[in-house]
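These notes are about the structure you will find just below.
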Amino acid sequence: MNAWEVNFDGLVGLTHHYAGLSFGNEASTKHRFQVSNPQLAAKQGLLKMKALADAGYKQAVIPPQERPNVPLLRQLGFCGSDEQVVEKVATQAPQLLSAVSSASSMWVANAATVAPSADTLDGRVHLTVANLNNKFHRASEAPTTEAVLRAIFPDEHYFGIHSALPQVAMFGDEGAANHNRFGGAYGQPGVQMFVYGREEGGEQRPARYPARQTLEASQAVARLNRVNPQQVIFAQQNPDVIDKGVFHNDVIAVSNRQVLFCHQQAFVDQGALLSQLAARVPGFTPIEVPASRVSVEDAVTTYLFNSQLLSKADGSMMLVLPKESQSHEGVWGYLNDLLAQDNPISELKVFDLRESMANGGGPACLRLRVVLNEPELAAVNPAVLMNETLFITLNDWVDRYYRDRLTQADLADPQLLREGREALDRLTQILTLGSVYPFQR
Ligand SMILES: NCCC[C@H](NC(=O)CCC(=O)O)C(=O)O
């Protein structure tokens with residue numbers, strides 16, 4: 001059956017700021033306390049969505065979450081009116097206010113892991129919400145992510161949505177950022193590769209930075225998503241590169257159909273893994289970038305692997321890259337050599353995503369890929385699909401509600417809380433989502 005890869009991009013929230021919350025994510029640490037521009041951030045994301053929709057790709061949007069997360073502050077013992085809760089945490093524990101105000105749900109590659117219906121035992125599309133257990137500011141995303149996904153994929157006949165795994169380190173799960181699907185046409189059964197950073201009790205693990213994803217979590221997600229066990233591969237990320245800032249696999253590898261574009265040092269036993277893929281994926285085409293051309297450090301600062309690898313009408317592929325890859329002479333030189341060589345990549349498309357990049361989120365982090373066939377696509381809430389009208393409506397909405405400057409100190413402003421709720425209330429009407437936020441219940 002005819003099927004497409006639909007890219008669902010996260011819309012940046014009103015409280016987007018730089019708080020250095022993600023140890024092991026070097027961009028997050030480096031930009032701590034810099035001034036952010038939430039309005040620009042949201043518009044940079046919308047421009048990418050619109051450009052890809054205009055180029056003929058199927059594109060949709062996932063809304064931001066309610067921030068600051070007042071119910072979470074109440075769970076931590078702050079009391080009084082909502083405004084008083086925010087005021088107290090701002091004076092007593094400002095870093096905690098940052099954490100509960102983070103707009104991190106924008107990186108929807110970490111929202112869930114998706115299994116297309118062609119791969120599942122019951123013929124439905126499955127999505128398992130990620131628990132994002134390794135970081136407090138991200139672990140709190142799961143309940144609203146689930147509500148939002150149910151509002152976007154409401155029909156249980158086509159879609160199975162699963163709650164996040166238990167919130168413990170043993171089941172740390174970071175969603176689609178550690179998942180790749182290989183195959184031919186999107187509607188045909190594929191091979192799913194689940195990438196993990198450590199195994200509970202295992203010896204091979206990074207020394208400096210955390211490995212966020214466990215093998216145990218990946219196995220559970222594969223079960224929940226009912227992926228045919230014949231179509232699953234588990235692969236370990238190279239712990240040495242996690243220690244160099246590769247906190248998710250999508251910082252060092254990206255795949256599309258038969259192609260894997262990755263760094264030479266991305267995986268443990270990479271040679272054996274590539275042979276296994278070659279045996280299982282018809283026409284498997286690895287494009288391994290040698291360390292002599294691009295170091296892991298340069299991969300981390302430029303995010304060339306955090307690109308989207310998209311199929312074009314003629315069967316060739318386009319890499320959607322962040323501007324940082326173009327500004328780096330060595331990396332840009334390598335990418336242009338790649339174009340000249342005999343491989344499926346025939347175009348480079350560059351976007352300015354500086355606001356998101358400064359927190360460690362490139363083009364691939366901002367999107368969740370959902371392969372859908374015709375009836376499944378027809379069952380998606382149509383109001384989230386990107387088109388000219390939605391683009392204009394969302395830009396106007398951003399202009400109306402978003403600030404163009406935000407620091408940690410601004411999070412204490414009770415007006416920000418009110419602005420956020422008013423904006424999200426309006427957004428749920430635009431996207432016909434119903435009541436998905438705690439403040440709406
Ligand atoms: N896939 C990209 C995720 C980036 C995200 N950054 C952050 O949460 C940084 C937030 C801050 O430091 O303000 C993370 O590390 O999970």
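Worth a mention:
- Taking the numbered list (1) outside any loop (DSSP other than H, G, I, E, B); (2) open to solvent by less than 20 Å² (accessible area, probe 1.4 Å); (3) within 30 Å of Leu431 (Cα to Cα); (4) of a type outside the set (Asp, Glu) in turn, Phe194 passes all entries but (3).
- Residue list for the range 206-217, filter: touching a helix residue (DSSP H, G or I) at 6+ places or on another chain (Cβ under 7 Å) and under 15 Å from Val195 (Cα atoms): Pro206, Ala211, Gln213, Thr214, Glu216, Ala217
- The C-beta contact set for the range 366-384 (first residue without any contact (Cβ under 8 Å) to a residue 60 or more places away in the chain, second residue assigned to a helix (DSSP H, G or I) and surrounded by 17 or more Cβ atoms within 10 Å (Cβ to Cβ), distance under 8 angstrom, 6+ apart or interchain) comprises Ala383/Leu390.
- Qualifying position, being within 16 Å of the ligand (Cβ to nearest atom), among the aromatic types (Phe, Trp, Tyr) and closer than 17 Å to Leu406 by Cβ, among Phe8, Phe33: Phe33
- Pair list, Cβ under 6 Å, 6 or more apart: the range 241-264 residue of a type in the set (D, E, K, R), other residue in a helix (DSSP H, G or I) and surrounded by fewer than 23 Cβ atoms within 10 Å (Cβ to Cβ): Lys244/Val296
- Those residues of the range 322-337 which are over 13 Å from Arg293 (Cβ atoms), out of contact with any strand residue (DSSP E or B) (no Cβ under 7 Å at 6 or more places or on another chain) and of a type outside the set (Ser, Thr, Tyr), in sequence order: Glu324
- Those helices (runs of 4 or more DSSP H) lying entirely in the range 83-180 with at least 1 residues more than 16 Å from the ligand (Cβ to nearest atom), aliphatic (A, V, I, L, M) and closer than 18 Å to Leu372 by Cα: 142-152
- With respect to the conditions (1) open to solvent by 20 Å² or more (accessible area, probe 1.4 Å); (2) outside any helix (DSSP H, G or I); (3) more than 10 Å from the ligand (Cβ to nearest atom); (4) at pLDDT 95 or above, Leu47 falls short on a single one, namely (2).
- Search result, residues across the range 294-303 that are touching a residue at least 12 places away in the same chain (Cβ under 8 Å) and over 14 Å from Asn249 (Cβ atoms): Val294, Glu297, Asp298, Thr301, Thr302
- When the range 235-269 is filtered for residues that are within 26 Å of Gly184 (Cβ to Cβ), within 16 Å of the ligand (Cβ to nearest atom) and among the basic types (Lys, Arg), nothing remains.
- Residue within the range 260-278 that is modelled with pLDDT of 95 or more, part of a helix (DSSP H, G or I), open to solvent by 60 Å² or more (accessible area, probe 1.4 Å) and acidic (Asp, Glu) present: no
- A residue that is in contact with a helix residue (DSSP H, G or I) (Cβ under 8 Å, 6 or more places away or on another chain) and either farther than 21 Å from Pro382 by Cβ or open to solvent by 20 Å² or more (accessible area, probe 1.4 Å) (or both) occurs somewhere in the range 143-150.
- Candidates in the range 94-116 are the residues that are farther than 28 Å from Lys43 by Cβ and either of a type in the set (Val, Ile, Thr) or surrounded by 23 or more Cβ atoms within 10 Å (Cβ to Cβ) (or both); of these, the one that is nearest to the chain's Cα centre (by Cα) is Thr113.
- Taking residues in the range 207-218 that are farther than 15 Å from His248 by Cβ, and partners anywhere that are part of a helix (DSSP H, G or I), the pairs with Cβ atoms closer than 8 Å and at least 6 places apart or on different chains are Ala207/Pro239; Glu216/Met170; Glu216/Phe171.
- Taking the numbered list (1) within 16 Å of the ligand (Cβ to nearest atom); (2) more than 18 Å from Asn37 (Cα to Cα); (3) aromatic (Phe, Trp, Tyr) in turn, Phe351 passes all entries but (2).
The values are calculated or read from the model by the stated rules, or taken from the named source; none is laboratory data. Just so it is clear, the structure is predicted and the values come from calculations on it, not from any experiment. Glycine gets a Cβ as well: all are built from the backbone with ideal geometry, and neighbour counts include every protein chain shown. All accessible areas refer to the heavy atoms of the entire protein, side chains included, with ligands and DNA or RNA removed. Shrake-Rupley method; radii C 1.70, N 1.55, O 1.52, S 1.80 Å.
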